[in-house]
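S.K.: Structure in structure tokens, see below.
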Amino acid sequence: MASILSTTHLTFASNPQSSQLFLPKPHSQFLGLQRNVGWLRPCRIGPSNGSRAKCWFKFGKNGVDAEGAGIYGSQSRDDFDRDDVEQYFNYMGMLAVEGTYDKMEALLSQNIHPVDILLMLAASEGDKPKIEELLRAGANYDIKDADGRTAIDRANEEIKAFILGFSVSKA
């Protein structure tokens, strides 16, 4: 919902006998009462007093990357919870494919840490960036679900090689 800010100035004379209330006429483009056509005036963005602003944040090589800022890749095992599993399940469209949350709930009902469940789901989806993030966070690809399947068992050959190669390079 938008708000319109309106200011009214009231002027009172110091002499109570000659005091008259003065209400200025509104000069708003919104009301169509301003004499100047607003869209013909030059538009200035930023400070109007001639000062310059310098950003306090930096990106990429000259500043903090996403991992260093704690946004991506800096999480540990315990930073992941059940909500992350549900969000990933929804984000990857698994609910649309499965039709229910049964697969997700079955994994969550087992005594498996959410980060390991996320790794199983990401491996089955072939999501390399997510797999890398989870392995950096300490996810274990050897954890078995109720069917005895691990993240490696759920992955295609390319993803299996990626997981095993990442684990070797990390050690």
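The values are calculated or read from the model by the stated rules, or taken from the named source; none is laboratory data. These numbers were taken from a predicted model, which means no experiment stands behind them. Note that we place each Cβ from the backbone using ideal geometry, even for glycine, and neighbour counts take in every protein chain shown. Surface areas here come from the heavy atoms of the whole protein model, side chains and all, with no ligands, DNA or RNA. Shrake-Rupley method; radii C 1.70, N 1.55, O 1.52, S 1.80 Å.
S.K.: Do we have residue 119 as open to solvent by less than 80 Å² (accessible area, probe 1.4 Å), at pLDDT 90 or above, touching a Pro at 6+ places or on another chain (Cβ under 9 Å) and within 17 Å of residue 77 (Cα to Cα) here?
M.R.: no
S.K.: With the requirement that a residue be part of a loop (DSSP other than H, G, I, E, B), under 18 Å from residue 126 (Cα atoms) and open to solvent by 40 Å² or more (accessible area, probe 1.4 Å), what does segment 145-170 give you?
M.R.: Once the filter is applied, which keeps residues that are part of a loop (DSSP other than H, G, I, E, B), under 18 Å from residue 126 (Cα atoms) and open to solvent by 40 Å² or more (accessible area, probe 1.4 Å), segment 145-170 yields 149, 156.
S.K.: Between 102, 81, which is open to solvent by 50 Å² or more (accessible area, probe 1.4 Å) and touching a helix residue (DSSP H, G or I) at 6+ places or on another chain (Cβ under 9 Å)?
M.R.: Just one listed residue meets the conditions, 81.
S.K.: Further question on the same structure: Does residue 94 meet the test of being open to solvent by less than 70 Å² (accessible area, probe 1.4 Å), of a type outside the set (Val, Ile, Thr), in contact with a Lys or Arg (Cβ under 8 Å, 6 or more places away or on another chain) and farther than 22 Å from residue 75 by Cα?
M.R.: So residue 94 passes the test.
S.K.: Scan segment 128-138 for residues that are surrounded by fewer than 18 Cβ atoms within 10 Å (Cβ to Cβ) and over 11 Å from residue 77 (Cα atoms) and report the count.
M.R.: 3
S.K.: Can we say residue 139 is among the small types (Gly, Ala, Ser), touching a residue at least 60 places away in the same chain (Cβ under 8 Å) and not in a helix (DSSP H, G or I)?
M.R.: Yes: the conditions hold for residue 139.
S.K.: Output the number of the condition that residue 100 fails; it satisfies all remaining conditions of (1) touching a Leu at 6+ places or on another chain (Cβ under 7 Å); (2) of a type outside the set (A, V, I, L, M); (3) farther than 23 Å from residue 167 by Cβ; (4) assigned to a loop (DSSP other than H, G, I, E, B).
M.R.: Going through (1) touching a Leu at 6+ places or on another chain (Cβ under 7 Å); (2) of a type outside the set (A, V, I, L, M); (3) farther than 23 Å from residue 167 by Cβ; (4) assigned to a loop (DSSP other than H, G, I, E, B) one by one, residue 100 breaks only (1).
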